[in-house]
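S.K.: I'd like to ask some things about the structure below.
What follows draws every value from the coordinates through simple rules; no lab data is involved. Note that the structure is a prediction, hence the values are computed from the model and not measured. With ideal geometry, Cβ positions are generated from the backbone for all residues, glycine too; neighbour counts draw on all protein chains shown.
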Amino acid sequence: MAHERSKEEIKEGILGKLKRHFGKTLEEATKDQIYKSCALSIRDVIVEQWTDANKQVLNQGLKRLYYLSAEFLMGRALVNNMVNLHLLKEYNDVLCDMGLKPDEIEEQERDAGLGNGGLGRLAACFLDSLSTLDLPVTGCSIRYEYGLFKQRILDGEQVEVNDNWLEAGNVWEIPRPEEQVEVRFGGEIEEIWTETGLKIRYKNSYSVLAIPYDYPVIGYMSKMPATLRLWSAKAKTGLDMNYFNRGDYAQAMQERELAEVISKVLYPEDNHEQGRQLRLKQFYFFTSATMQHIVRKHKQNYGDLHTLPNYFTVQINDTHPTLAIPELLRILMDEEGMGWDEAMDIVGRMFNYTNHTVLVEGLECWNEELFQSLLPRICQIIQVLNEKFCDRLWQAYPGQWDKIGSMAIVAYGEIRMANLCIAVCGKVNGVSRLHGEILKTRTFRDFYTVFPDKFLGITNGVTHRRWLAKANQPLTELIADHIGDGFLKDYREMDRIGDLLLKESFLDDFMCVKRKNKERLAAHLKKTQGIEIDPGTVFDVHAKRLHEYKRQLLKALHILHLYHLRKTNPQVQIEPATFLFAAKASPGYARAKNIIRLILAVAKLVNNDPDTKDILRVVFIENYSVSEAEVLIPAADISEQISTAGFEASGTGNMKFMMNGAVTIGTMDGANVEISEEVGLDNIFIFGASEQDIEKMERYGTYKPGEYYEQNTDLRYALNAMIDGTLPVASDRQFSDLYHSLLFGDMDRADRYYLLYDFAPYAQVYETMMSVYRNKDEWKRMAAMNTAKSGHFAADRTIHEYNDKIWHLKEM
Ligand code: 26Q
């Protein structure tokens, strides 16, 4: 709801917080204290609504969504909350009146970097939309003490620095120690038959406390703030006084640390599974705590557990929270005394699963022995689920053991989380139309044959409050001047921007805003990294996690090609360009880290050569994160979305760039397909192999990258430049691994991601794109068209679809 608050009230609010929380006057306060006072004064407004709304959800008996996710990449909250409460201008004015710079106050807040990339940021956008649409939701995850590492570039490579984001305190969270639960690990189980049925007893198991911390998340003009509940691990007994009294302090401390390490750090692997025990502990820890909380709350409020599915629905964000399923079965049977069928009837109506990955190595599997020793009872329950599921499969595929083996939940010493989800969940969805189809026809084909009604695709979306109103205030104001600001609540109104595309003055203003945002980025880079860039050049941006399939390497090869073109022919016309890369590589992903080295080496070469330094500039932006993205994306002219077709489930950066008036150069992959449909093929630059082309080459093994190397001299030059001493690196062998992987391959799979195949089409389309860019009239219309057509990629549209097809929540 709108919050009419006079500037006087706002000022009093801030000063009051300074005085009561920090014992400071404005003159004495540090910037950090001022930030916290602002945040606390805003928090008061939100918390009041939050408590009221939660009471109403109970009174009206509304169903609540539990969105379970190992990641929530929230970024900063302060300014986003001001935007959503419609108080941004008022707060900015007050801060300025107080002689402060709003930007400096904002920058005091640490990003909540509790996620790796797309999946985590999607969860954060969803909370904003659910709240905006007044749908009751609690997001549940882990209160990682260390978020995703901070990235520094030192001596031409990535260096990871830990992200102790809570060190200066967190004003948004509210600890709820009274709602703590215990989570049990390890030991052996004993089954004891008593007159009231089977009882499970544990020997030698140990428990860890889960303490919830709640954050209110307020959507735009919303009545119903969302809750983000993060669980923190704590040792059950403070110090073990037995050890302590015997003088064994080390042992006493060690027990504590072992428990608390569970919520210590976010694993930095994305789209890649490594079966580590601690990660399994993390997943069970937060899902068990959440399920215990749901059952407890339901019993308190309604008594009868059979009505659980009427009041709760659970979305599993990728397979990481899958253990919520067997955990709820365990609670209903072992603690609430239900039989299998009775418990299964409840559980079978409560869960749905979203898949985010096409990569087979991305599907989560656990070693059965490891699992058994850490979670013996859950393992037992999964075995039963598996037996029943295999019986069901036998009906569909009698005698086809291979097929049943591949679809089983447990087989060959492995527990497969995706299979468990498909077996139990009501709906299984992909995250774009193409991805939804790939799930049906490839990844989960055999399941689709048996359960055709389970599968669907729901295309991702991003919140235009954060990615437009917060990140790009000048553009938001420009749009609001013409069509009002209703589009922030109702994304369909964005279509009305379409009417403005015929107005030259609007298009010129649009490009003025773009220029301003490019200047803002230039100033930001100067300040944070000491790098100078020219806002008069085209800003061509490739920003996302570093992954071979996302093909940062293809872009680097293309820049080497442009470099060569200019060196060999000074007359050639090349549009002055700044190539901006931003990407974190998982610390254990050696090849990804080497690609970063390569980009930095290309930057050094191109930026320092007198023949090219004025027309080609390559910049690697450190520490890509939500806050960096907010400065970078509004400044982009070109959005690079060049993954190998069939590999990017959806992409969401593509949508954020589009919304901010960048033109996409991309493959027909993930949501790019739908972006191209929305803007039309005239307003996007599509190139390269289609998903079917790739599929065919994969199936018949016909792809021979060497042939492209032989036939294309430009490509040959770019590839050779990696290893022939062209690049300024200490060792000629630095990039031989990359070179080798493209031409000869690891384990016989040369160029797994078809870079050489797509190189020539990419270079060609790039050239076409630059000739359009030179024609300013054509370009400005194209750029504005992208913003105008971005309504479809609003997270509000996505949430409506989830709600219609899966959750069926009622708004408060
Ligand atoms: C799982 C088990 C063990 C270790 C790591 C993981 C793990 C962690 C993170 C697996 C996957 C992820 C993250 C995946 C991800 O971000 N996928 C992206 O999701 C976006 C939102 O749907 C899509 O837009 C992207 O296409 C997809 O890559």
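S.K.: What is the distance, in nm, between label points placed 7 Å from the Cα along the Cα-to-Cβ direction at residue 278 and at residue 590?
M.R.: 2.2 nm
S.K.: If you take every residue apart from residue 348 with its C-beta less than 13 Å away from the C-beta of residue 348, what net charge results, scoring Lys and Arg +1 and Asp and Glu -1?
M.R.: Spelling it out: positives minus negatives among the neighbours equals +2.
S.K.: Hey, another quick one. Select from 478, 554, 350 the residue farthest towards the positive end of the dipole of the chain; place +1 on Cβ of Lys and Arg, -1 on Cβ of Asp and Glu, and compute about the Cα centre.
M.R.: Projecting each Cα onto the dipole axis, the largest value belongs to 350.
S.K.: Report, in debye and to the nearest 20, how large the dipole of the stretch 515-587 comes out about its Cα centre when Lys and Arg carry +1 and Asp and Glu carry -1 on their Cβ.
M.R.: Computed about the Cα centre, the dipole is about 300 debye.
S.K.: When 1/r is averaged over all different Cα pairs and the result inverted, which Kirkwood radius in Å belongs to the stretch 666-712?
M.R.: Every distinct Cα pair counted, the radius reaches 12.4 Å.
S.K.: Here's a follow-up. Name the long-range amide H neighbours of residue 64: under 5 Å, sequence gap of 5 or more, or other chain; modelled H, no Pro or chain starts.
M.R.: Answer set, sorted by chain and number: 312, 313.
S.K.: Report the paramagnetic label zone for residue 515: residues of the stretch 622-642 whose backbone N is under 17 Å from a point 7 Å from Cα along the Cα-to-Cβ axis.
M.R.: The answer is 635-637, whose backbone nitrogens lie closer than 17 Å to the label point.
S.K.: If each residue's Cβ is checked for other Cβ atoms within 10 Å, how do 231, 193, 340 rank with the fewest at the top?
M.R.: Ascending number of Cβ neighbours within 10 Å: 193, 340, 231.
S.K.: Quick one: Cα centre-to-centre distance for the stretch 322-366 and the stretch 736-751, in angstrom?
M.R.: Going from one Cα centre to the other spans 41 Å.
S.K.: In whole angstrom, how long is each semi-axis of the equivalent ellipsoid of the stretch 115-194, when you take the square root of 5 times every eigenvalue of its Cα gyration tensor and sort them from largest down?
M.R.: 33, 24, 16
S.K.: Also: Between the stretch 157-207 and the stretch 626-699, what is the C-alpha centre distance in whole Å?
M.R.: 40 Å
S.K.: Which value, in debye to the nearest 20, describes the size of the charge dipole of the stretch 334-377 about its Cα centre when Lys and Arg Cβ atoms bear +1, Asp and Glu Cβ atoms bear -1, and nothing else is charged? Present the calculation step by step, with values, prior to reporting the outcome.
M.R.: Numbers: 2 positive and 10 negative charges, 41 e Å.
For the stretch 334-377, the charge dipole is close to 200 debye.
S.K.: Suppose every K and R has +1 on its Cβ and every D and E has -1 on its Cβ; what is the size of the dipole of the chain about the Cα centre, in Debye to the nearest 20?
M.R.: 600 debye
S.K.: Where does the charge balance sit around residue 495 when Lys and Arg score +1, Asp and Glu -1, over other residues with C-beta under 13 Å from its C-beta?
M.R.: Its environment carries a net charge of 0.
S.K.: Taking the number of other C-beta atoms within 10 Å as the exposure measure, put 690, 790 in order starting with the fewest.
M.R.: So the ranking, lowest neighbour count to highest, is 690, 790.
S.K.: To two decimal places, what compactness ratio does the stretch 726-812 give when its Cα radius of gyration is scaled by 2.2 N^0.38 Å?
M.R.: Numbers: Rg = 22.8 Å, N = 87, 2.2 N^0.38 = 12.0 Å.
Output field value: 1.90.
S.K.: Give, in whole angstrom and from largest to smallest, the semi-axes √(5λ) of the equivalent ellipsoid of the stretch 536-672, with λ running over the eigenvalues of the Cα gyration tensor.
M.R.: 24, 17, 15
S.K.: Considering only C-alpha atoms, what is the centroid distance from the stretch 554-599 to the stretch 463-507, in Å?
M.R.: 34 Å
S.K.: Spin-label point model (7 Å from Cα, Cβ direction): what's the residue 698 to residue 201 distance in nm?
M.R.: The modelled label-to-label distance comes out at 5.2 nm.
S.K.: Could you tell me which of rounded, prolate or oblate describes the stretch 89-132, using a ≥ b ≥ c as the square roots of the eigenvalues of the alpha-carbon gyration tensor, with rounded for a/c under 1.5 and, failing that, prolate when a/b is larger than b/c and oblate otherwise?
M.R.: Numbers: a/c = 5.32, a/b = 2.00, b/c = 2.66.
Oblate is the answer for the stretch 89-132, as a/c is 1.5 or above yet b/c matches or exceeds a/b.
S.K.: For a quick check: with amide H placed at 1.01 Å from N, whose amide H comes under 5 Å from residue 457's, ignoring anything fewer than 5 positions away on the same chain?
M.R.: Long-range HN contacts for residue 457: 430.
S.K.: For the stretch 440-567, compute the orientation-averaged projected area of the C-alpha convex hull (one quarter of its surface), in nm².
M.R.: Working: hull surface 53.4 nm².
If I average the Cα hull's projected area over directions, I get 13.3 nm².
S.K.: May I ask for the Kirkwood hydrodynamic radius of the stretch 460-533, worked out over all distinct Cα pairs and given in angstroms to one decimal?
M.R.: This gives a value of 13.7 Å.
S.K.: Just the Cα atoms of the stretch 166-270, one point each, no solvent: what log10 I(q)/I(0) does Debye give at q = 0.11, 0.13, 0.18, 0.19 Å⁻¹?
M.R.: One equal scatterer on each Cα of the stretch 166-270 leads to -0.57, -0.74, -1.05, -1.09.
S.K.: Each label point is 7 Å from the Cα along the Cα-to-Cβ direction; what then is the distance between the points at residue 359 and residue 245, in nm?
M.R.: Output for this residue pair reads 5.3 nm.
S.K.: What whole-number value in cubic angstrom gives the convex hull volume per residue for the C-alpha atoms of the stretch 1-116?
M.R.: Enclosed volume per residue, from the Cα hull, is 123 Å³.
S.K.: For the chain, what is the mean residue ellipticity at 222 nm derived from helices alone (per DSSP H run of n ≥ 4: -39500 (n - 2.57); sum divided by total residues; nearest 500 deg cm²/dmol)? Please list the in-between numbers first.
M.R.: Working: 32 runs with 369 residues, N = 812.
My calculation for the chain gives -14000 deg cm²/dmol from helical runs alone.
S.K.: Which shape class applies to the stretch 337-494: rounded if a/c is under 1.5, otherwise prolate when a/b exceeds b/c and oblate if not, where a ≥ b ≥ c are the square roots of the Cα gyration tensor eigenvalues?
M.R.: Verdict is prolate for the stretch 337-494.
S.K.: Which one, 679, 730, 689, is farthest towards the positive end of the dipole of the stretch 657-809 when Lys and Arg carry +1 and Asp and Glu -1 on their Cβ?
M.R.: Most positive-ward Cα: 679.
S.K.: Shifting gears a bit: Could you give me the ³J(HN,Hα) list for the stretch 581-597, computed from phi with Karplus coefficients 6.51, -1.76, 1.60 and θ = phi - 60°, whole Hz, x at Gly and Pro?
M.R.: 10, 9, 6, 9, 9, 4, x, x, 9, 4, 5, 4, 5, 5, 5, 4, 4
S.K.: How about the stretch 137-237: which GluC sites (Glu not before Pro) there are in a DSSP loop, with at most 10 other Cβ atoms within 10 Å of their Cβ?
M.R.: 167, 195
S.K.: I'd like the trypsin sites (Lys or Arg not before Pro) in the stretch 539-610 restricted to DSSP loop residues with at most 12 other Cβ atoms within 10 Å, sorted by number. Please list the in-between numbers first.
M.R.: Details: sites: 544, 545, 550, 551, 555, 566, 567, 584, 591, 593, 597, 604; in loops: 544, 545, 551, 584.
Sparse-neighbourhood loop trypsin sites (Lys or Arg not before Pro): none present.
S.K.: Beyond 40 Å, what percent of the Cα pairs of the chain remain?
M.R.: 38 percent
S.K.: In the stretch 445-496, which trypsin sites (Lys or Arg not before Pro) fall in coil by DSSP and have 16 or fewer other Cβ atoms within 10 Å?
M.R.: Values: sites: 445, 454, 465, 466, 470, 489, 492, 496; in loops: 489.
Answer in residue order: 489.
S.K.: Can you check what the Kirkwood hydrodynamic radius comes to for the stretch 417-483, Cα pairs only, in Å to one decimal?
M.R.: Taking every pair of different Cα atoms in the stretch 417-483, averaging 1/r and inverting gives 14.3 Å.
S.K.: What list do you get for 322, 568, 612 if you sort them by fewest beta carbons within 10 Å?
M.R.: On the way: 322 28, 568 9, 612 22.
If I rank by nearby Cβ atoms, fewest first, I get 568, 612, 322.
S.K.: While we're looking at this one, here's another question. List the residues, sorted by chain then number, that are 5 or more residues from residue 664 or on another chain and whose placed amide H is less than 5 Å from its amide H.
M.R.: So residue 664 has HN proximity to 639, 685.
S.K.: In whole angstrom, and with the biggest value first, how far do the Cα coordinates of the stretch 260-395 range along each principal axis?
M.R.: Here the Cα extents, ordered largest to smallest, are 42, 41, 29 Å.
S.K.: Just want the answer: with Cβ charges of +1 for Lys and Arg and -1 for Asp and Glu, which residue in 285, 701, 583 is farthest toward the dipole's positive end in the chain?
M.R.: The residue sitting most towards the positive pole is 285.
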